[in-house]
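Engineer: Okay, here's the structure, questions in a sec.
The values are calculated or read from the model by the stated rules, or taken from the named source; none is laboratory data. Please read these numbers as outputs of a predicted model, since none were measured by experiment. So basically every Cβ, Gly included, is an ideal-geometry build from the backbone, and we count neighbours across all protein chains shown.
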Amino acid sequence: MKALLSVYDKAGLVDFARALHGLGYGLVSTGGTHKALAEAGLPVQQVSDLTGFPEMLDGRVKTLHPKVHGGILARRDVPDHVSQLKKLGIEPIDVVAVNLYPFRETVRKPGVTLEEALENIDIGGPTLLRAAAKNFPSVVVVVDPRDYGWVAEKLQAGGLSLGERRGLARKAFQHMAFYDSAIAHYLRRPDDSDLLSDTLTLGLEKLHETRYGENPHQKGALYAAASGARGLASARQLHGQEMSFNNWLDASAAWLAVVEFQEPAVAVIKHTNPCGLAIHQDQAEAYRRAHAGDPVSAYGGIVAFNRPVTAEAAQAMAKVFYEVVIAPDYEPAALSTFQKRKNLRVLAMPDASQSSHLLLEVRQVAGAFLLQTPDVLAEDPSTWKVVTQQAPTPQQREDLAFAWKVAKHVKSNAIVIAKEKQLLGMGAGQPNRVTSVRLAAQTAGERASGAVLASDAMFPFADNVEEAARAGVSAVVQPGGSIRDQEVIEAADRLGLAMVFTGIRHFRH
């Protein structure tokens with residue numbers, strides 16, 4: 001019996017090899033793995049001694065040899081395979097333990113060169129794993145050091161069942177698919193022209209299991225992409241109980257909303273929609289304004305900051321129950337304030353400019369997947385077209401630009417009412433737009449007087465403008481493009497509203 005061991009991650013290696021040796025397996029290895037086993041006092045054969053052929057090309061070719069792969073791939077239940085091994089002097093290899101060069105870790109390093117990346121693409125390792133996994137009824141394949149213990153116990157007790165071998169083979173193939181996905185992502189063209197290619201692999205690595213999914217009868221987990229942890233996947237939890245499935249959803253919505261702004265911003269999110277959002281140079285005041293947008297809905301929400309949280313801002317939050325707070329960092333006094341609240345989850349994010357968006361948005365539909373590039377677009381409000389007799393004032397233009405950015409993060413049909421860079425009311429997810437206008441106006445109340453309104457998509461009828469005017473709105477921003485644009489413009493003129501068209505839509509279903 002022989003076992004081939006060739007690993008980059010040497011955790012648990014010596015104990016596993018010692019167990020195999022104790023069972024009578026002859027140990028075969030390469031390079032650093034051979035050195036580690038030899039230094040542990042274990043008898044181990046170099047692969048080059050097994051094959052009779054030296055390593056070449058700086059170690060690029062070591063195990064790619066018939067005496068290795070013949071020993072792995074031969075079916076023990078096929079007499080002709082067994083006789084060929086005897087004729088050629090090839091010994092069967094019954095256990096293969098391999099893990100791969102650290103490609104993902106390498107390409108994450110700042111300033112890594114293409115040459116360094118390519119040198120860390122493992123060739124021999126995946127070939128060994130594929131061969132062993134293909135022949136799993138005859139060969140035990142181990143890719144995860146966490147499996148060494150139970151595999152050794154099973155071998156000592158008489159062997160692994162076919163189901164257990166099959167599980168290890170599935171794990172090996174899954175590991176290689178994930179590894180290859182990371183390489184394919186790295187080699188993607190920098191111009192993004194092949195993002196939606198004819199075939200696409202999405203390697204995912206589980207980071208956290210949640211207690212359940214959206215509801216207690218569902219299972220859930222948070223995964224990171226094979227290309228590396230970005231966005232929420234790179235968050236550090238500094239305090240609080242375990243994040244739930246819904247916490248992650250809401251935290252993502254909150255983070256993406258605040259990093260939309262260059263100015264200090266605070267968002268309060270409920271069910272992935274901003275119920276409060278404000279920008280202000282004084283962070284504590286920004287929070288107070290965000291909370292005041294809809295204090296009833298804010299209870300039990302998620303708060304996001306796009307700047308490190310100050311002690312004053314943390315103190316301003318003290319009287320309201322929140323599930324999560326998320327920010328780039330926290331002043332020590334702010335963190336101390338939050339840590340007094342047992343149930344508040346505190347997440348620290350990396351720099352917003354590096355983690356706000358992924359390359360693709362993925363959604364599952366019945367039996368298929370929808371993919372799209374994120375809604376990321378540099379827009380210049382100075383290019384918006386004034387379509388009414390009344391032009392917006394400079395203050396209204398600033399508020400229209402603010403409201404337009406907020407509307408992008410509200411579920412369609414989205415309506416946002418804002419004033420002085422503060423969200424006062426929003427309507428989200430309604431089957432018709434006029435209902436969203438009424439809901440936004442209802443929340444804003446008297447504060448809507450002189451405020452501005454943003455609509456994520458065109459107004460199909462003049463009734464939307466009429467409802468806005470009835471609430472006291474003074475200016476509107478919308479994409480335009482309806483066959484009834486002229487009717488809508490005429491209604492705005494009749495009611496004394498200023499209105500601008502952006503020519504851009506921001507649906508968020």
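Engineer: Between Ser193, Ser227, which is more than 30 Å from Ala334 (Cβ to Cβ), polar (S, T, N, Q), at pLDDT below 90 and exposed (fewer than 14 other Cβ atoms within 10 Å of the Cβ)? Break it down stepwise before answering.
Structural biologist: Values: Ser227 fails: exposed (fewer than 14 other Cβ atoms within 10 Å of the Cβ).
Testing whether each residue is more than 30 Å from Ala334 (Cβ to Cβ), polar (S, T, N, Q), at pLDDT below 90 and exposed (fewer than 14 other Cβ atoms within 10 Å of the Cβ) leaves just Ser193.
Engineer: Is it the case that some residue within region 69-86 is touching a His at 6+ places or on another chain (Cβ under 8 Å) and crowded, with 18+ Cβ neighbours inside 10 Å?
Structural biologist: Initial filter on region 69-86 (touching a His at 6+ places or on another chain (Cβ under 8 Å)): 74-75.
With crowded, with 18+ Cβ neighbours inside 10 Å added as a condition, the list becomes 74.
Looking through region 69-86, at least one residue is touching a His at 6+ places or on another chain (Cβ under 8 Å) and crowded, with 18+ Cβ neighbours inside 10 Å.
Engineer: Residue check: is Val296 free of Cβ contacts under 8 Å to residues at least 24 places away in the same chain and either in a helix (DSSP H, G or I) or surrounded by 21 or more Cβ atoms within 10 Å (Cβ to Cβ) (or both)? Working first, answer last.
Structural biologist: Numbers: free of Cβ contacts under 8 Å to residues at least 24 places away in the same chain: yes; either in a helix (DSSP H, G or I) or surrounded by 21 or more Cβ atoms within 10 Å (Cβ to Cβ) (or both): yes.
Yes, satisfied.
Engineer: Quick check on region 343-353. Is at least one of its residues modelled with pLDDT under 90, surrounded by 13 or more Cβ atoms within 10 Å (Cβ to Cβ) and among the charged types (D, E, K, R)?
Structural biologist: no
Engineer: So for region 328-341 (the condition being assigned to a strand (DSSP E or B) and within 27 Å of the chain's Cα centre (by Cα)), does at least one residue qualify? Don't jump to the end; show me each part of the working.
Structural biologist: First pass over region 328-341, keeping only residues assigned to a strand (DSSP E or B): 330.
Then drop every residue that is not within 27 Å of the chain's Cα centre (by Cα), which leaves 330.
Taking every residue of region 328-341 in turn, at least one turns out to be assigned to a strand (DSSP E or B) and within 27 Å of the chain's Cα centre (by Cα).
Engineer: Sticking with this structure for a sec: Give me the strands (runs of 3 or more DSSP E) completely within region 1-92, filtered to those with at least 3 residues that are under 40 Å from the mean Cα position of the chain (by Cα) and at pLDDT 85 or above, ordered by residue number.
Structural biologist: It comes to 2-6.
Per-residue answers, yes or no, for (1) of a type in the set (A, V, I, L, M, F, W, C); (2) touching a helix residue (DSSP H, G or I) at 6+ places or on another chain (Cβ under 8 Å); (3) surrounded by fewer than 24 Cβ atoms within 10 Å (Cβ to Cβ):
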{"position": "Lys385", "(1), (2), (3)": "no, no, yes"}
{"position": "Ile415", "(1), (2), (3)": "yes, yes, no"}
{"position": "Ala457", "(1), (2), (3)": "yes, yes, yes"}
{"position": "Phe461", "(1), (2), (3)": "yes, yes, yes"}
{"position": "Glu466", "(1), (2), (3)": "no, yes, yes"}
{"position": "Val488", "(1), (2), (3)": "yes, yes, no"}
{"position": "Asp493", "(1), (2), (3)": "no, no, yes"}
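Engineer: Looking only at region 130-175, count every residue that is crowded, with 19+ Cβ neighbours inside 10 Å and closer than 18 Å to Gly203 by Cα and tell me the total.
Structural biologist: 4
Engineer: Got at least one residue in region 156-175 being over 21 Å from Arg130 (Cα atoms) and of a type in the set (S, T, N, Q)?
Structural biologist: So far as region 156-175 goes, yes, one or more of its residues are over 21 Å from Arg130 (Cα atoms) and of a type in the set (S, T, N, Q).
Engineer: Right, something else. Could you say whether any residue in region 100-109 is touching a strand residue (DSSP E or B) at 6+ places or on another chain (Cβ under 8 Å) and among the polar types (S, T, N, Q)?
Structural biologist: From region 100-109, those touching a strand residue (DSSP E or B) at 6+ places or on another chain (Cβ under 8 Å) are none; that's our starting set.
The answer is no; no qualifying residue exists.
Engineer: Scanning region 442-455 for residues that are among the hydrophobic types (A, V, I, L, M, F, W, C) and more than 35 Å from the chain's Cα centre (by Cα), which turns out surrounded by the most Cβ atoms within 10 Å (Cβ to Cβ)?
Structural biologist: Filtering first and then ranking leaves Ala451.
Engineer: Next question, about the same structure. Just to be sure before I move on: is Arg307 basic (Lys, Arg), surrounded by fewer than 23 Cβ atoms within 10 Å (Cβ to Cβ) and within 24 Å of the chain's Cα centre (by Cα) in the structure I sent?
Structural biologist: Details: basic (Lys, Arg): yes; surrounded by fewer than 23 Cβ atoms within 10 Å (Cβ to Cβ): yes; within 24 Å of the chain's Cα centre (by Cα): yes.
When the stated conditions are applied, Arg307 passes them.
Engineer: Mind checking which pairs have a first residue in region 412-427 that is in contact (Cβ under 8 Å) with a residue 60 or more places away in the chain and a second that is of a type in the set (Lys, Arg), Cβ under 6 Å, 6 or more apart or different chains?
Structural biologist: Ser412/Arg508; Gln422/Arg289; Leu424/Arg447
Engineer: Specify the residue that is farthest from Lys109 (Cα to Cα); the eligible residues are those in region 149-191 that are aromatic (Phe, Trp, Tyr) and under 30 Å from the mean Cα position of the chain (by Cα).
Structural biologist: Within region 149-191, the subset aromatic (Phe, Trp, Tyr) is 150, 173, 178-179, 186.
Now narrow it down to the ones that are under 30 Å from the mean Cα position of the chain (by Cα): 173, 178-179, 186.
On the way: Phe173: 26, Phe178: 19, Tyr179: 17, Tyr186: 13 Å.
The selected residue is Phe173.
Engineer: Here is a list: Met426, Met499. Which entry is farther than 28 Å from His271 by Cα, crowded, with 22+ Cβ neighbours inside 10 Å and out of contact with any Asp or Glu (no Cβ under 6 Å at 6 or more places or on another chain)?
Structural biologist: Values: Met426 fails: farther than 28 Å from His271 by Cα.
Sole residue among the options that is farther than 28 Å from His271 by Cα, crowded, with 22+ Cβ neighbours inside 10 Å and out of contact with any Asp or Glu (no Cβ under 6 Å at 6 or more places or on another chain): Met499.
Engineer: Contact list please: Cβ distance under 8 Å, first residue in region 74-87 and of a type in the set (Asp, Glu), second residue not in a helix (DSSP H, G or I), pairs at least six apart or on different chains.
Structural biologist: Cβ pairs passing all conditions: Asp77/Pro137; Asp77/Ser138.
Engineer: Only one of Ala278, Ala284 is assigned to a strand (DSSP E or B) and modelled with pLDDT of 95 or more. Can you tell me which? Step through it out loud before you land on a result.
Structural biologist: Working: Ala284 fails: assigned to a strand (DSSP E or B).
The unique qualifying residue is Ala278.
Engineer: For region 408-509, which strands (runs of 3 or more DSSP E) that fit wholly inside it have 1 or more residues that are at pLDDT 95 or above and closer than 25 Å to Thr272 by Cα? Don't jump to the end; show me each part of the working.
Structural biologist: Working: elements: 415-419, 422-427, 452-455, 475-478, 498-501.
In region 408-509, 415-419, 422-427, 452-455, 475-478 are the strands (runs of 3 or more DSSP E) which contain 1 or more residues that are at pLDDT 95 or above and closer than 25 Å to Thr272 by Cα.
Engineer: Go through region 106-129 residue by residue and tally those that are part of a helix (DSSP H, G or I) and either surrounded by 16 or more Cβ atoms within 10 Å (Cβ to Cβ) or on the phi > 0 side of the Ramachandran plot (or both).
Structural biologist: Start the filter on region 106-129 by keeping residues that are part of a helix (DSSP H, G or I), which leaves 106-107, 114-119, 124-129.
Those still in the list that are either surrounded by 16 or more Cβ atoms within 10 Å (Cβ to Cβ) or on the phi > 0 side of the Ramachandran plot (or both) too: 106-107, 117, 124-129.
Count: 9.
Engineer: Of all residues being over 18 Å from Val139 (Cα atoms) and touching a strand residue (DSSP E or B) at 6+ places or on another chain (Cβ under 6 Å) in region 1-41, which is surrounded by the fewest Cβ atoms within 10 Å (Cβ to Cβ)? Just the residue, please.
Structural biologist: Taking region 1-41 and keeping what is over 18 Å from Val139 (Cα atoms), we get 8-15, 18, 22, 30-41.
Then drop every residue that is not touching a strand residue (DSSP E or B) at 6+ places or on another chain (Cβ under 6 Å), which leaves 30, 33-34, 37-38.
On the way: Thr30: 22, Thr33: 24, His34: 20, Leu37: 23, Ala38: 14.
This residue is Ala38.
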